[in-house]
Amino acid sequence: MEISEKNISDQFGRIHDYLRISLTERCNLRCFYCMPEEGIALRPKSQFMTKEEVIRMAETFVSLGIKKIRLTGGEPLVRNDAKEIIDALSGLPVELAITTNGILVNKYIDTFISSGLKSVNVSLDSLQRDKLNSITRRNYFDTIISNIRLLIKNNFHVKLNAVIIRGVNDDEIVDFIEFTKDNNVHFRFIEFMPFDGNKWDWSKGLSYKEILDMVKLKYRNNLTRMEDRKNDTSRNFRVHGYKGTFAIISSVTNPFCGTCNRIRLTADGKIKNCLFSDSETDLLSAMRREEDIIPMIQETVWHKKSMRGGMNSIEDFGKQKNRSMVAIGG
Ligand code: SF4
């Protein structure tokens, strides 16, 4: 098999048409499983993609078959030029989506609507004010909840992401599902993953099986296992009669790498062929030198490992050097 001119494929034949662009490493929250306690070293602005460079990168990737772009961070909406970037990207033939912590959504909802951005993922690790404020080390519970309600009211496709951590929020799994009873949202339970500085230890994580056993204990036969879509990262379920749905994202115990179509571009312009890859390619410096970055993109993705950046078993987790989650954007 050869590197294709028409699309971005890897040595296993996976076609990559979904690009996640991190707009910034800055964030207005300090979630303990994402942002190292001491924060991350803020670097000079010159090391990060300007608005024009983000758009040029996106155009290049779209010319190679990218059909969906998700904006991530840090928190993408803390960037002063986030509105211009969203407006500009909305002119490309792609599905535009965003992952946000929800704090600034009310300031951008008109931009989302005018740009045709429909899919909004919001991080929500607890439905309890004090607990959420302690997980995020900031006090934005009310703002986040009211902005989630604003998105639902405006018929956005809302996915709520909760990283499930033993002894922290595993006691809320039923509450999260009950939130889908009258709210048309998609609540996703994410297995705790290792990233630089998050003191990962699998004993703090809950597996797909443990979560599902808890759910079945409560909902028994009132559950429907929904059909997986081609590149799904989650296993989806609906409680009979509930407006919304829920899902489990199991990168640790039950990975879904076989149909992976995702590439990541970091805020400092490096391409990662996998969330867990410990190698990156610096596209930004090459682009600034007016070099052709297309062969670099194809080469980097071609050499993608079959699973989890080469971490084939849980024992491999935490051994590879990787960035902190805030510097990748999930
Ligand atoms: S771990 Fe890597 S290969 Fe697997 S689904 Fe995630 S990005 Fe794709």
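The values are calculated or read from the model by the stated rules, or taken from the named source; none is laboratory data. Small disclaimer: the values here were computed from a predicted structure and weren't measured. Cβ sites come from the backbone with ideal geometry, for glycine too, and all protein chains shown count toward neighbours. What goes into the accessible areas is simple: the full protein's heavy atoms, side chains included, and nothing from ligands, DNA or RNA. Shrake-Rupley method; radii C 1.70, N 1.55, O 1.52, S 1.80 Å.
For the reader, a short list of remarks on this structure follows.
- Members of 45/153; 243/270; 67/131; 67/321; 159/199 lying beyond 32 Å, as alpha-carbon distances in this model show: 45/153; 243/270; 67/131
- Relative packing of peptides 165-172, 217-224, 75-82 - highest average C-beta neighbours within 10 Å first: 75-82, 165-172, 217-224
- Pairwise centroid distance, computed over Cα atoms, of segment 177-238 with segment 100-123, Å: 24 Å
- Of the residues 240, 44, 18, the one whose Cα sits farthest toward the positive end of the charge dipole of the chain, with +1 on the Cβ of Lys and Arg and -1 on the Cβ of Asp and Glu, is 240.
- Building the convex hull from the alpha-carbon atoms of segment 68-192 and averaging its projection over directions returns 7.6 nm².
- Relative contact order %, segment 18-325, counting alpha carbon pairs below 8 Å whose residues are six or more apart: 18 percent
- Both radii come from the Cα set of the chain: Rg as radius of gyration, Rh as Kirkwood radius; their ratio Rg/Rh reads 0.94.
- Distance between modelled label sites at residue 146 and residue 316, nm, 7 Å Cα→Cβ extension: 4.7 nm
- The order of 57, 325 by accessible area, most exposed first and with a 1.4 Å probe, is 325, 57.
- Between residue 95 and residue 134, the contour length at 0.36 nm per residue exceeds the alpha carbon distance by 10.6 nm.
- With every protein chain in place, the chain: carbon and sulfur % of accessible area (1.4 Å): 50 percent
- Aspartates and glutamates with Cα under 18 Å of residue 83, excluding same-chain neighbours fewer than 8 positions away: 25, 52, 53, 59, 75, 95, 110
- Accessible area expressed per residue, the chain, with surrounding protein chains retained (probe 1.4 Å, Å²): 44 Å²
- Reducing segment 61-89 and segment 124-139 to their Cα centroids gives an inter-centroid distance of 27 Å.
- For segment 10-49, the set of GluC sites (Glu not before Pro) satisfying both a DSSP loop assignment and a count of at most 12 other C-beta atoms within 10 Å is given as 37, 38.
- Label-point separation in nm, residue 68 to residue 175, each point 7 Å along Cα→Cβ: 3.0 nm
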